[in-house]
Amino acid sequence: MFDFKYRFQWRQVINNLPAMLDGAWITFYTALLSMVIGIVIALTLLSMRRSNNVALRSVAIGWVSVARNTPALLQIYFLYFGLGAFGATISSWAALLAGITFNNAGYLTENFRGGLRAVPETQTRAARSLGMTSFQAYTRVVIPQLLRIVFYPITNQMIWALLMTSLGVVVGLNNDLMGATKALTDLSYRTFEYFAVAAIIYYVLAKLTFGVARLAGWKLFSY
Amino acid sequence: MFSTDLTSNDLIFLVQGAWVTIELTALAMLIGTVFGTLFGFVRASFPTASIPLAFVLDVFRSVPLLIQFVLLNSAKSIVGLKISPFTVGYVVLGVYAAALCTEIVRGGVLAVPKSLRLAARSLGLTSLQDTLHITLPIAARVAFPGWLNLMLAVMKDSALVTWIGIIELLRTAQQINTRINEPLFVFFIAGLFYYVVSWAVSQLGNQAERRLQND
Amino acid sequence: MIEIQNVHKSFGDLEVVKGVTMNVNKGEVVSIIGGSGSGKSTLLMCINGLETIQRGSIRVDGIEVHAKGTNLDKLRRRIGIVFQQWNAFAHLTVLENVMLAPRLVLKLSRSEAEAVAVKQLKHVGLGDKLKVYPGRLSGGQQQRMAIARALAMSPDYMLFDEATSALDPQLVGEVLDTMRLLAEEGMTMILVTHEIKFAKEVSDRVAFFHKGVIHEIGSPDQVIGNPQKPETVQFLKSVL
């Protein structure tokens, strides 16, 4: 029925596995970095959203809205080509990191906003009544409890971030897992084999992240 | 004064790209909704027996879409299947949507109180009648906001098919940019399309959700 | 000394405190009784600036609470408050709950803060629960922890906002015992409470609050034992 003459060649993929695993490491830490920065920005955007200053609030609302309502790839393009238009050349990796971070921050802010409803306003009151400043109450009482509530969404976002790093290849990144895989296929034309293995590595990375997060969640939030 | 090299032909080109984006989204959502509903009911009704299904669907959610496009694209040349990249695009997006839709439908079905189903059955409704007239309508209402969100996610993810050479909205924008080199302006226009559609649909979703909570 | 002068407080169009004047002297225990929604809890929140006021003035040891330049964080160190909902910080152990403010606000070292916290927790009878998370405690224990948390700041005044209203009946006693202990030690206290018997027993003075104003104020024997205004009589009849 099918004209099936293709011979799979897995050996050379196995031989190049170390290069792909190096790429996987870059993928992982890029995602992790984008999450750490993204969380910090999200917490900042969250308090900006709650502030009385119209300008601060508009910036936060705008950020969240654009991040959630446009494709991540467009966001990365915009940063990569767009900043270039201002004469500021940024590397593919920097554009990827900035793009994912922008995206993460937007989605996380919404998650945090939902989570904040589960931390009663009276907790802030109690903290303020003890003489804490509003900053102390926010960082020492509200945020730690918020992090527990949003831990699961954060884990999800981290897995998304891992998968999103694959977009770097579109703006020419060639040393993350996706980029390295593409570079190898460009030399060998064994597209299917290389990308099948890359798929497995992404899957394992995603599941490992999930598992580690679960364990960490148990340890951190035992109360 | 603002000036641009963007021509009216370019705008037509962009609109054509946007149309491809809409087609991809619609076809993928059709596949995703049909299979997602089916699988969702299976997952909710036979939670243990359907674990293998859950595993397979989870794989589609845990591997970058970009790779899924490339894999199907190269697999079809390997087996000599004559389908267009466009078909590859909406099939991959459709399977991905089905995997996500399954979870949404499953959540909707599980949100229907068991006592309600028992009540329906005690009135003499058959299992099928119960499913069609009681469970499905209630589950659909619960699942609707999630389904809208899924549609938006699919629309945004459809931008990735640019990688296997399909000329959709983002690709047209990039091609125009290559010629006139006004990235901020060109990508802004493309972004505006996604934004407006996405924003309008999510407003609709919010309204639906509010109505759902009110009754 | 707490001096409350003609205080008015509104939420939007709704005026809940309508010109209240009263003083609380050092070492005094004053109870505020009255029906739900009479504005008594709101008045309490105004005393440490958790709520703003529209008119009048509140002075604590001569410091104008609602003046522009007043450092409320500094003032609040001296005014402890215990809420109806105990508001335990769920992510911290009992000991950490009590240590947090002394560490952050009074800038005590870890060991100093711990010493203060342990002392106060023992005082309220929770010396054996130091490493436990509040989620594992009963409501009464959590409320006593909240009292210890406020006491750890060495306040000059303690405000109690219906501290036992949210508790199961069998847990009320242990919290009242702790409050009685504080009263006996000479702490200056303002209690908003529904426990009329308790108010009569521990208070130096009792104020009856109705629709945002004080209808009667005086010794417990006077206000609870021999009320003069019909509203007071009516209220006491409904709760006793």
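The values are calculated or read from the model by the stated rules, or taken from the named source; none is laboratory data. It should be emphasised that the depicted structure is a prediction, and the values quoted were computed from it without experimental measurement. Ideal geometry is used to build each Cβ from the backbone, glycine not excepted, and the neighbour counts take in all protein chains shown.
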Open item on the list: The conditions are (1) within 14 Å of chain A (Cβ to nearest Cβ); (2) of a type in the set (Ser, Thr, Tyr); (3) surrounded by fewer than 16 Cβ atoms within 10 Å (Cβ to Cβ), and C:Ser138 fails exactly one of them. Which is it?
Closed with: (1)
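Does C:Ile33 fit the bill of being closer than 20 Å to C:Val175 by Cβ, in contact with a strand residue (DSSP E or B) (Cβ under 8 Å, 6 or more places away or on another chain) and crowded, with 16+ Cβ neighbours inside 10 Å? Step through it out loud before you land on a result.
Details: closer than 20 Å to C:Val175 by Cβ: yes; in contact with a strand residue (DSSP E or B) (Cβ under 8 Å, 6 or more places away or on another chain): yes; crowded, with 16+ Cβ neighbours inside 10 Å: yes.
The answer is yes for C:Ile33.
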TODO: Tell me, yes or no, whether the stretch A:83-97 has at least one residue that is at negative phi, within 10 Å of another protein chain (Cβ to nearest Cβ), in contact with a helix residue (DSSP H, G or I) (Cβ under 6 Å, 6 or more places away or on another chain) and in contact (Cβ under 8 Å) with a residue 24 or more places away in the chain.
DONE: no
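Sort through A:Ala19, A:Ala24 and tell me the only one that's within 14 Å of chain B (Cβ to nearest Cβ) and closer than 23 Å to A:Gly179 by Cβ. It would help to see each step written out before you state the result.
Working: A:Ala19 fails: within 14 Å of chain B (Cβ to nearest Cβ).
Selected residue: A:Ala24, the only one of A:Ala19, A:Ala24 that is within 14 Å of chain B (Cβ to nearest Cβ) and closer than 23 Å to A:Gly179 by Cβ.
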Open item on the list: Taking the condition of being farther than 17 Å from A:Val150 by Cβ, modelled with pLDDT of 95 or more and surrounded by 18 or more Cβ atoms within 10 Å (Cβ to Cβ), how many residues in the stretch A:27-59 meet it?
Closed with: 4
- [ ] Kindly indicate whether B:Gln16 is within 20 Å of A:Leu74 (Cβ to Cβ), within 14 Å of chain A (Cβ to nearest Cβ) and touching a residue at least 24 places away in the same chain (Cβ under 8 Å).
- [x] no
- [ ] Collect the residues in the stretch B:64-91 that are free of Cβ contacts under 8 Å to residues at least 40 places away in the same chain, within 13 Å of chain A (Cβ to nearest Cβ) and closer than 30 Å to B:Ala140 by Cβ, keeping them in residue-number order.
- [x] B:Gln68
Open item on the list: So, in the stretch A:187-223, how many residues would count as being under 18 Å from B:Ile78 (Cα atoms) and outside any helix (DSSP H, G or I)?
Closed with: 2
- [ ] Could you please find all residues in the stretch A:66-82 being within 18 Å of B:Ala153 (Cα to Cα), within 8 Å of chain B (Cβ to nearest Cβ) and free of Cβ contacts under 8 Å to residues at least 40 places away in the same chain?
- [x] A:Asn69, A:Thr70, A:Pro71, A:Leu74
- [ ] Scan the stretch A:113-135 for residues that are more than 8 Å from chain C (Cβ to nearest Cβ), surrounded by 15 or more Cβ atoms within 10 Å (Cβ to Cβ) and among the charged types (D, E, K, R) and report the count.
- [x] 1
Open item on the list: For the list (1) modelled with pLDDT of 95 or more; (2) within 14 Å of chain A (Cβ to nearest Cβ), I need the number of the one condition that B:Arg61 fails.
Closed with: (1)
- [ ] Please give the number of the condition B:Arg179 fails out of (1) within 27 Å of A:Leu83 (Cβ to Cβ); (2) more than 8 Å from chain A (Cβ to nearest Cβ); (3) surrounded by 21 or more Cβ atoms within 10 Å (Cβ to Cβ).
- [x] (3)
TODO: Determine whether C:Val16 is at pLDDT below 95 and touching a helix residue (DSSP H, G or I) at 6+ places or on another chain (Cβ under 6 Å).
DONE: yes
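Would the stretch A:126-139 turn up any residue that is more than 25 Å from B:Ile189 (Cβ to Cβ) and of a type in the set (Val, Ile, Thr)? I'd like the intermediate steps shown before the answer.
The first filter runs over the stretch A:126-139 and keeps only residues more than 25 Å from B:Ile189 (Cβ to Cβ), leaving A:126-139.
The next check asks that each one be of a type in the set (Val, Ile, Thr); those that pass are A:133, A:139.
Looking for residues that are more than 25 Å from B:Ile189 (Cβ to Cβ) and of a type in the set (Val, Ile, Thr), one finds at least one in the stretch A:126-139, hence yes.
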TODO: Please work out if C:Glu96 is within 13 Å of another protein chain (Cβ to nearest Cβ), among the acidic types (Asp, Glu) and surrounded by 16 or more Cβ atoms within 10 Å (Cβ to Cβ).
DONE: yes
